[in-house]
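Asker: Please read through the structure below; I'll follow up with questions.
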Amino acid sequence: MITLRTNMGDIAIELDFEKAPLSAANFLQYARDGFYNGTIFHRVINGFMVQGGGMDSDMNQKEGRSPIENEADNGLKNEIGTLAMARTNDPHSASSQFFINVADNQFLNHSGKNPQGWGYAVFGKVVDGMDVVNTIKEVRTGSSGFHQDVPADAIEITETLISDAYADR
Amino acid sequence: MTRFFISDLHLAPERPELLAALEQFCAQRLARGDQLYILGDLFEAWIGDDDPSALATQVKDLLAGLNQREVDCFVQQGNRDFLLGKRFARESQCKMLGDYVVIKDSGGAILLTHGDLLCTDDVDYQRFRRKSRNPLYRFVLSHLPLRRRQRLASEWRAKSRAASANKASSIMDVNEETVVQVMAEHQVTRLIHGHTHRPNIHQHGAKTRWVLGDWGDFGWYIALEKGAISLEKFAITP
């Protein structure tokens, strides 16, 4: 289990190493490196998803490692409480940014191996702290530079805790 | 006062993220006194102003809400929602615009159009367009039983998803001669349109043409403020 400690509370996550081996290992590595500490949930849309893991509280992008292959064809669905990798419009461009679905976002699921249908790779789920996610999704947002849907008060990941169960992963 | 232009949202019940994106856009970009111009294909399919769907109601409420915030909203018909009419305009408190509209700002006149009329190389489409805009055709279509029209719309949407009909490669681009000719007829040097799903800025001699993009992975808009026109995009998908 990985716990993202935020200034709004803890969000505990379980990764799916079976169905999303690359994405889960990628997330775990960022967590181990402490990469997520000091990043914020910079895009929050109630009824859709909350996205974070790549921007600091000054809205500067944090440089991640090389992009990973998209595992959206693993059968996992973008349902409430699941975590998936965020990316650009290139399907295989995810690095550190992820999002938590706060709705059943069927349209984000894999439907074909083409740029339109690749979808977004689910690699884990929130196992504790969904109340924190539900508080986050309700916060007031506005635009900041070229970014929309940015929380007015920064929601920051202050610490990343990794349970012993993931020690040999 | 800023004027915003959007088009080709292709709102559909199967694409809830697009309506969410429009709601966010309206909430965050539009301020009191601004104007919003929707240059066609707001909907993926529009079966008539008596459409009782949740989507239709949500959009009408959203646009009527703009009016309450003192944002004027103008709507042009597109090739996919050419049945948008007076009742829709009344319920959403928008003003319907004709196929060609000229607006003025400090820099002079700007022509607004959906863009399908500029695609004169697409002879089959232009033939269909003439037929579909015939008052008799529209009358018959809009007087089919609601159920039948709902089924038709659902089939259209399924077909365009399956055939990737909304991809730029499936839509013919404008005919440049037509563009120059239409701009001359309306005595403008600036044109804003959508339809082709090829967002860009083009020069035709001294004339400039801004093309809006369709909403999908990104939302596209054009902002006109103090004579300056900018084409902008923002992320919709994560």
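The values are calculated or read from the model by the stated rules, or taken from the named source; none is laboratory data. Computed from a predicted model, the values in this text were never measured in an experiment. Cβ atoms come from the backbone with ideal geometry, glycine included; neighbour counts cover every protein chain shown.
Okay, residues lined up against (1) out of contact with any Asp or Glu (no Cβ under 7 Å at 6 or more places or on another chain); (2) under 30 Å from residue A:117 (Cα atoms); (3) not aliphatic (A, V, I, L, M):
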site	(1), (2), (3)
B:133	yes, no, yes
B:138	yes, no, yes
B:152	yes, yes, no
B:155	yes, yes, yes
B:168	yes, yes, no
B:184	yes, no, no
B:209	yes, no, yes
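Asker: Same structure again: Within region B:170-181, can you find the residues that are touching a helix residue (DSSP H, G or I) at 6+ places or on another chain (Cβ under 7 Å) and either surrounded by fewer than 16 Cβ atoms within 10 Å (Cβ to Cβ) or within 24 Å of residue B:13 (Cα to Cα) (or both)?
Answerer: Taking region B:170-181 first, the residues touching a helix residue (DSSP H, G or I) at 6+ places or on another chain (Cβ under 7 Å) are B:174-175, B:178-179.
Answer for region B:170-181, where residues must be touching a helix residue (DSSP H, G or I) at 6+ places or on another chain (Cβ under 7 Å) and either surrounded by fewer than 16 Cβ atoms within 10 Å (Cβ to Cβ) or within 24 Å of residue B:13 (Cα to Cα) (or both): B:175, B:178.
Asker: Does region A:51-74 include one or more residues that are among the aliphatic types (A, V, I, L, M) and within 13 Å of the chain's Cα centre (by Cα)? Steps first, answer last, please.
Answerer: As a first pass, look at region A:51-74 and keep what is among the aliphatic types (A, V, I, L, M): A:55, A:59, A:68, A:72.
After this cut, where a residue has to be within 13 Å of the chain's Cα centre (by Cα) as well, the list is A:55.
Among the residues of region A:51-74, at least one is among the aliphatic types (A, V, I, L, M) and within 13 Å of the chain's Cα centre (by Cα), which makes the answer yes.
Asker: If you don't mind, another one. When region A:134-167 is examined, which residues are found to be more than 28 Å from residue B:234 (Cβ to Cβ) and among the aromatic types (Phe, Trp, Tyr)?
Answerer: Of the residues in region A:134-167, the ones more than 28 Å from residue B:234 (Cβ to Cβ) are A:158-167.
The answer is A:166, and nothing else.
Asker: If we keep just the residues of region B:26-40 that are surrounded by fewer than 22 Cβ atoms within 10 Å (Cβ to Cβ) and among the hydrophobic types (A, V, I, L, M, F, W, C), which is nearest to the other protein chains (Cβ to nearest Cβ)? Talk me through it step by step, then tell me what you get.
Answerer: Initially, region B:26-40 is screened for residues surrounded by fewer than 22 Cβ atoms within 10 Å (Cβ to Cβ), giving B:26-35.
From what's left, among the hydrophobic types (A, V, I, L, M, F, W, C): B:26-27, B:30-31.
Working: B:26: 11, B:27: 9, B:30: 11, B:31: 11 Å.
Checked region B:26-40; the qualifying residue nearest to the other protein chains (Cβ to nearest Cβ) is B:27.
Asker: Can I ask one more? Could you tell me which numbered condition residue A:140 fails, if it satisfies all but one of (1) facing another protein chain (nearest Cβ under 10 Å); (2) over 23 Å from residue A:13 (Cα atoms); (3) surrounded by fewer than 21 Cβ atoms within 10 Å (Cβ to Cβ)?
Answerer: Unmet condition: (1).
Asker: Further question on the same structure: From (1) closer than 18 Å to residue B:223 by Cα; (2) over 14 Å from the mean Cα position of the chain (by Cα), pick out the condition that doesn't hold for residue B:88.
Answerer: Tallying (1) closer than 18 Å to residue B:223 by Cα; (2) over 14 Å from the mean Cα position of the chain (by Cα), residue B:88 fails exactly one: (1).
Asker: Residue by residue through region B:116-139, note down the ones that are assigned to a helix (DSSP H, G or I), among the charged types (D, E, K, R), within 25 Å of residue B:198 (Cα to Cα) and touching a residue at least 40 places away in the same chain (Cβ under 8 Å). Steps first, answer last, please.
Answerer: Within region B:116-139, the subset assigned to a helix (DSSP H, G or I) is B:116-118, B:123-132, B:135-139.
Filter once more, keeping what is among the charged types (D, E, K, R): B:116, B:124, B:127, B:129-131, B:138.
Of the ones still in play, those that are also within 25 Å of residue B:198 (Cα to Cα) are B:116, B:124, B:127, B:129-130.
B:116, B:129 - these are the residues of region B:116-139 that are assigned to a helix (DSSP H, G or I), among the charged types (D, E, K, R), within 25 Å of residue B:198 (Cα to Cα) and touching a residue at least 40 places away in the same chain (Cβ under 8 Å).
Asker: Another question, then. I'd like to know if region A:17-36 contains one or more residues that are over 27 Å from residue B:218 (Cα atoms), more than 14 Å from chain B (Cβ to nearest Cβ), surrounded by fewer than 18 Cβ atoms within 10 Å (Cβ to Cβ) and of a type in the set (S, T, N, Q).
Answerer: Yes, there is a match, as at least one residue in region A:17-36 is over 27 Å from residue B:218 (Cα atoms), more than 14 Å from chain B (Cβ to nearest Cβ), surrounded by fewer than 18 Cβ atoms within 10 Å (Cβ to Cβ) and of a type in the set (S, T, N, Q).
Let's see how each residue does on (1) at pLDDT below 95; (2) on the phi > 0 side of the Ramachandran plot; (3) of a type in the set (A, V, I, L, M); (4) buried (at least 16 other Cβ atoms within 10 Å of the Cβ):
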position	(1), (2), (3), (4)
B:137	yes, no, no, no
B:147	yes, no, no, no
B:151	yes, no, no, no
B:157	yes, no, no, yes
B:160	yes, no, no, yes
B:168	yes, no, yes, no
B:185	no, no, no, no
B:190	no, no, no, yes
B:210	no, no, no, yes
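Asker: Which residues, counting only those in region A:110-119, are within 11 Å of another protein chain (Cβ to nearest Cβ) and either in a helix (DSSP H, G or I) or surrounded by 14 or more Cβ atoms within 10 Å (Cβ to Cβ) (or both)?
Answerer: Step one: filter region A:110-119 for residues within 11 Å of another protein chain (Cβ to nearest Cβ), giving A:111-112, A:114-119.
Those that are within 11 Å of another protein chain (Cβ to nearest Cβ) and either in a helix (DSSP H, G or I) or surrounded by 14 or more Cβ atoms within 10 Å (Cβ to Cβ) (or both): A:111, A:116, A:117, A:118, A:119.
Asker: Starting from residues that are part of a helix (DSSP H, G or I) and crowded, with 17+ Cβ neighbours inside 10 Å, keep the ones in region A:74-109 and report whichever is farthest from the other protein chains (Cβ to nearest Cβ). Let's see the steps before the verdict.
Answerer: Kept after step one, since they are part of a helix (DSSP H, G or I), are these residues of region A:74-109: A:74, A:106-108.
With crowded, with 17+ Cβ neighbours inside 10 Å added as a condition, the list becomes A:74, A:108.
Details: A:74: 17, A:108: 7 Å.
Here the answer is A:74.
Residue-wise test of (1) under 30 Å from residue B:30 (Cα atoms); (2) of a type outside the set (Phe, Trp, Tyr); (3) more than 15 Å from the chain's Cα centre (by Cα).
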{"position": "A:77", "(1), (2), (3)": "no, yes, no"}
{"position": "A:102", "(1), (2), (3)": "yes, yes, no"}
{"position": "A:107", "(1), (2), (3)": "yes, no, yes"}
{"position": "A:148", "(1), (2), (3)": "yes, yes, yes"}
{"position": "A:161", "(1), (2), (3)": "no, yes, yes"}
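Asker: Same structure again: Hey, residue A:97 hits all of (1) within 29 Å of residue B:166 (Cα to Cα); (2) modelled with pLDDT under 95 but one; which does it fall short on?
Answerer: Of the numbered conditions (1) within 29 Å of residue B:166 (Cα to Cα); (2) modelled with pLDDT under 95, the odd one out for residue A:97 is (2).
Asker: I'd like to check which strands (runs of 3 or more DSSP E) are fully inside region B:145-238 and have at least 3 residues that are within 14 Å of chain A (Cβ to nearest Cβ) and of a type outside the set (S, T, N, Q).
Answerer: Filter on region B:145-238 gives B:218-225, B:228-235.
Asker: Something else: Hey, can you tell me all the residues within region B:159-205 that are polar (S, T, N, Q) and touching a residue at least 60 places away in the same chain (Cβ under 8 Å)?
Answerer: So in region B:159-205, the residues polar (S, T, N, Q) come out as B:160, B:164, B:166, B:169-170, B:175, B:178, B:181, B:187, B:189, B:196, B:200, B:203.
Within region B:159-205, B:160, B:166, B:178, B:187, B:189, B:196 qualify.
Asker: Are there any pairs with C-beta distances below 7 angstrom linking a residue in region A:100-119 that is within 11 Å of residue A:77 (Cβ to Cβ) to a residue that is among the acidic types (Asp, Glu) and part of a loop (DSSP other than H, G, I, E, B), with the two at least 6 apart or on different chains, and if so which?
Answerer: Correct list of pairs: A:101/A:79; A:104/A:79.
Asker: Moving on. Filter region A:37-73 for residues that are surrounded by 14 or more Cβ atoms within 10 Å (Cβ to Cβ) and charged (D, E, K, R); which is farthest from residue A:151 (Cα to Cα)?
Answerer: Across region A:37-73, the extreme among qualifying residues is A:73.
Asker: Checking residue A:166 against (1) within 14 Å of chain B (Cβ to nearest Cβ); (2) within 24 Å of residue A:72 (Cα to Cα), which single condition isn't satisfied?
Answerer: (1)
Asker: Related question: Just to be sure, is residue B:31 assigned to a loop (DSSP other than H, G, I, E, B), under 14 Å from the mean Cα position of the chain (by Cα) and of a type outside the set (Asp, Glu)? Spell out how you get there, then give the answer.
Answerer: Values: assigned to a loop (DSSP other than H, G, I, E, B): yes; under 14 Å from the mean Cα position of the chain (by Cα): no; of a type outside the set (Asp, Glu): yes.
It is false that residue B:31 is assigned to a loop (DSSP other than H, G, I, E, B), under 14 Å from the mean Cα position of the chain (by Cα) and of a type outside the set (Asp, Glu).
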